[in-house]
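See below for the structure under consideration.
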Amino acid sequence: MRTDPPESGSELDQLSAFLDFHRETLLLKCEGLSAEQLGRAAVPTSSLTLGGLLYHLALVEDSWFRVRFVGEEHVPPWGTVDWDADPDWEFGTAASVDPDELREAYRAACERSRAVVRAARDLDQRSVVASRRTGELFDLRWIMLHMIEETARHAGHADLLREAIDGTVGE
C-alpha cells in the first residue's frame, strides 16, 4: 500500500519513505493490467506538453519553497490565477507563453528556491504553512525530498514527450 512520506523525521526515515512511495507507485501503475497491456502497449497520447511541465514546475518551486515554507505571497502570475476555476491553469496557459519566457520562469523560480534553502537555518527548520492533509508543519528536508520526487517524475514525462517530438532520447 502506498503511503505518503511523513512531513518530518530523520533522514533515513524520510529517504526510506520516499523510496518506498516510488516503489509502490510503480506497482500501482502496473496493477490490474493484462500481459498485453503491461508488456506490449505503447504510451497513449496526452495533452501534457513540455511547456506545460516547465510552467507547472515553476509554480511548484515557488509554492513549496516561498509560499509554504517561508510564508511569502505568490509572485506573478501565480497570485492572480483563479485556481478554483482552473486548477490546471499553468498547463493550459503555457501554450500561449513564449518558449524563452517559460524557460526563464522556471530558471527564476529555481533560483528563488535556492535562495530560500541558503537562508534556512538547517534541514530541520519547519515550514510556516502546515499540511492540508495532516495539519503538521513540513521540515525543509521533506520539501527538498518532495521536490526531488516531483521534478524526477516530470523529467520522466519530459523524456517521453521529447522522444515523441523529435526522437531525442536519453539524458
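The values are calculated or read from the model by the stated rules, or taken from the named source; none is laboratory data. If you're wondering where the values come from, they're calculated on a predicted model, not measured in any experiment. Ideal geometry is used to build each Cβ from the backbone, glycine not excepted, and the neighbour counts take in all protein chains shown. Only protein heavy atoms, including side chains, enter the accessible area calculation; ligands, DNA and RNA are left aside. Shrake-Rupley method; radii C 1.70, N 1.55, O 1.52, S 1.80 Å.
General observations
- Quarter the surface of the alpha carbon convex hull of region 5-143 and you get the mean projected area, 10.8 square nanometres.
- Considering region 127-171 at the alpha-carbon level, its Rg and Dmax are found to be 15.8, 45 Å.
- Using a probe radius of 1.4 angstrom, the carbon and sulfur fraction of the accessible surface of the chain is 55%.
- Taking trypsin sites (Lys or Arg not before Pro) as exposed when DSSP calls them loop and at most 16 other C-beta atoms lie within 10 angstrom, the chain has its longest site-free stretch at 3-120.
- Å² of accessible area per residue within region 37-171, as computed with a 1.4 Å probe and no ligands counted: 61
- Residue 111 - accessible surface, heavy atoms, 1.4 Å probe, Å² rounded to 10: 80
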